[in-house]
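Enquirer: What follows is a single structure, and I will ask about it in a moment.
The values are calculated or read from the model by the stated rules, or taken from the named source; none is laboratory data. All of these numbers come straight from a predicted model, not from anything done at the bench. Neighbour counts are summed over all protein chains in view; Cβ atoms, including those assigned to glycine, are modelled from backbone coordinates with ideal geometry. Calculation scope for accessible area: heavy atoms of the full protein, side chains included, ligands and nucleic acids excluded. Shrake-Rupley method; radii C 1.70, N 1.55, O 1.52, S 1.80 Å.
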Amino acid sequence: MSEAQQVNVADLDLSQLGDVRKQLEEELGHLTSSFAQLKQAQVKFKTCIENIGDLKPQNKDKTILVPLTNSLYVPGKICDTENVIVDVGTGYYVQKSRDEAVKHYSDKVGYLNDNLIVLEDTIGKKRENMTYLLNVMQSKLQAEAKTAVKS
């Protein structure tokens with residue numbers, strides 16, 4: 001397996017720097033999009049925890065609206081306030097007690113939080129790289145402008 005070769009960006013010409021800038025912008029865009037998606041998933045799991053908290057024994061036999069899609073609901077009755085059905089991914093559902101479900105979603109929130117911290121650090125480093133790259137490009141442009149004025 002070959003090792004990645006490191007190149008000092010100050011040694012690159014403006015065209016090459018432009019290519020590196022484009023690549024960094026694409027990476028930043030992808031990482032930022034991934035960050036937003038993970039944050040959205042984390043909010044969804046936190047909402048699940050809140051909803052489980054609303055499932056109390058005194059709500060047994062109460063009528064609620066059950067979502068079939070984002071915009072289609074049907075009336076339903078709460079018949080079991082101690083257990084919930086949890087989507088564990090890839091189309092599989094498991095019955096869990098309220099406490100087990102809260103733990104399940106809390107673990108997911110924690111896992112996503114750990115990943116968000118790592119991703120945020122990576123995004124920060126990429127932004128630092130972009131700032132350095134833009135400073136190098138600006139210096140080279142100024143040097144070229146001075147050279148053109150002297151000619």
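Enquirer: Among the residues of segment 13-48, write down those that are of a type in the set (D, E, K, R), exposed (fewer than 15 other Cβ atoms within 10 Å of the Cβ) and more than 18 Å from the chain's Cα centre (by Cα).
Expert: Selection gives ASP13, ASP19, LYS22.
Enquirer: May I pose another question? Could you tell me whether SER71 is more than 30 Å from VAL20 (Cα to Cα) and in a helix (DSSP H, G or I)?
Expert: Details: more than 30 Å from VAL20 (Cα to Cα): yes; in a helix (DSSP H, G or I): no.
Against the criterion (more than 30 Å from VAL20 (Cα to Cα) and in a helix (DSSP H, G or I)), SER71 does not qualify.
Enquirer: Among the candidates VAL149, VAL88, VAL102, single out the residue that is part of a helix (DSSP H, G or I), open to solvent by 50 Å² or more (accessible area, probe 1.4 Å) and over 19 Å from LEU24 (Cα atoms).
Expert: Numbers: VAL88 fails: part of a helix (DSSP H, G or I); VAL102 fails: open to solvent by 50 Å² or more (accessible area, probe 1.4 Å).
Among VAL149, VAL88, VAL102, only VAL149 is part of a helix (DSSP H, G or I), open to solvent by 50 Å² or more (accessible area, probe 1.4 Å) and over 19 Å from LEU24 (Cα atoms).
Enquirer: State all residues of segment 37-63 that are free of Cβ contacts under 8 Å to residues at least 60 places away in the same chain, among the β-branched types (Val, Ile, Thr) and within 27 Å of ASP114 (Cα to Cα); if no residue qualifies, say none.
Expert: Across segment 37-63, the qualifying residues are VAL43, THR47, ILE52.
Enquirer: Let me confirm something: among LEU141, LEU133, LEU119, LEU112, which residue is more than 26 Å from the chain's Cα centre (by Cα) and surrounded by 11 or more Cβ atoms within 10 Å (Cβ to Cβ)?
Expert: Among LEU141, LEU133, LEU119, LEU112, only LEU141 is more than 26 Å from the chain's Cα centre (by Cα) and surrounded by 11 or more Cβ atoms within 10 Å (Cβ to Cβ).
Enquirer: Out of all the residues in segment 70-87, is one or more within 20 Å of SER106 (Cβ to Cβ), among the charged types (D, E, K, R) and without any contact (Cβ under 8 Å) to a residue 12 or more places away in the chain?
Expert: To start, the set of residues in segment 70-87 that are within 20 Å of SER106 (Cβ to Cβ) comprises 81-87.
Next, only the ones that are among the charged types (D, E, K, R) stay: 82, 87.
Subset that is without any contact (Cβ under 8 Å) to a residue 12 or more places away in the chain: 87.
For segment 70-87, residues within 20 Å of SER106 (Cβ to Cβ), among the charged types (D, E, K, R) and without any contact (Cβ under 8 Å) to a residue 12 or more places away in the chain: present.
Enquirer: Where the second residue is not in a helix (DSSP H, G or I) and the first is of a type in the set (A, V, I, L, M) and lies in segment 11-36, which pairs have Cβ atoms under 7 Å and are six or more apart or on separate chains?
Expert: VAL20/LEU12
Enquirer: Looking at the structure I just gave you, is LEU72 exposed (fewer than 12 other Cβ atoms within 10 Å of the Cβ) and at pLDDT 95 or above?
Expert: yes
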